[in-house]
Amino acid sequence: MDYLWSPWRFHYVSAARHGEGCVFCQKARADTSQDRTNLVLYRAQLNYIILNLFPYTTGHLMVVPYAHVSSLTDLDSPTLSEMMELARDAQAALERAYHPEGYNLGMNQGTVAGAGVADHVHLHLLPRWAGDANFMSTIGETRVLPEDLATTFEKLVTAFRRRA
Ligand SMILES: [Zn+2]
């Protein structure tokens, strides 16, 4: 599938191809002054929240542990607890910002299961609307995104700040 709105795609793909390391570890280690550029919405003790560069729907984000591990079974309980708390808070922020009709929450583990970054486990949270897949897909398997990532970032940063 191709993406019309994909200014990051070439860099992202070529960096991965040249083995320049794990993109989730790079974002985690980057200076916090770069968080807006890197689409890092929030940093907690053991995990952080980042917008997906290639969102399936507007507001598609991920909760990512700082630990570079490939499987759910490698995460300790404090990390998992915080991960779910952040998913809860992120969903509340999505609710305030977008009023979606539903959500998908899940992990793709392993390339065969569809993981884009298979060696660093991450939890996807996607807001859903009736017919969103039809709405966003057009002829030729090109996905048209209804909102750019910078706009989404601003909305969710604001909504996340207002969380309980
Ligand atoms: Zn990593």
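Rule-based calculations on the coordinates, nothing more; no lab input. Because the structure is predicted, anything quoted here is derived from the model rather than measured. Cβ coordinates were reconstructed from backbone atoms using ideal geometry, including for glycine residues, and neighbour counts include every protein chain displayed.
Rg ratio for segment 34-131: its Cα radius of gyration over 2.2 N^0.38 Å, N being its residue count, equals 1.04. Model label sites at Ala30 and Ser77, defined 7 Å from Cα along the beta-carbon direction, differ in position by 3.5 nm.
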